[in-house]
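Below is one structure, written out as structure tokens; comments come after it.
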Amino acid sequence: MRKIVLVAAIAAGALSLAACSEGTEEAAGEAADSAMADAEANVEAAGEAVEDAAGEAGEAVDAAGDEAAETATEVEADAQDESEAEAAAD
């Protein structure tokens with residue numbers, strides 16, 4: 001009788017561990033899925049930030065080029081004693 005109770009207790013313990021193990025596996029899988037989703041969201045946000053920064057840098061370069069062209073026209077007009085419109089036409 002004692003052996004039957006002991007075997008039943010061992011079997012119940014084994015089933016408890018198996019159920020716990022499955023729960024742990026599922027939790028680990030869900031945590032991995034969640035981490036992957038977070039990583040994807042972070043990569044997407046970083047990509048958007050890079051695109052925005054690149055666009056702003058391009059606009060700054062364009063503005064600097066325009067300003068340099070205007071300054072060159074002013075300098076040429078002063079050097080050749082002509083209007084800016086005449087200097088820009090050259």
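The values are calculated or read from the model by the stated rules, or taken from the named source; none is laboratory data. Quantities reported herein were computed from a predicted structural model and do not represent experimental measurements. Heads up, the Cβs are rebuilt from the backbone with ideal geometry, glycines too, and the neighbour counts pull from every protein chain shown.
Table for the structure above
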quantity: Qualifying position, being modelled with pLDDT under 80 and surrounded by 10 or more Cβ atoms within 10 Å (Cβ to Cβ), among GLY65, GLY13; calculated: GLY13
quantity: Selection count where residues are acidic (Asp, Glu) and under 29 Å from ALA85 (Cβ atoms), scope segment 41-71; calculated: 5
quantity: Qualifying positions in segment 73-90 - of a type outside the set (A, V, I, L, M, F, W, C) and part of a helix (DSSP H, G or I); calculated: THR73, GLU74, GLU76, ASP78, GLU84, GLU86
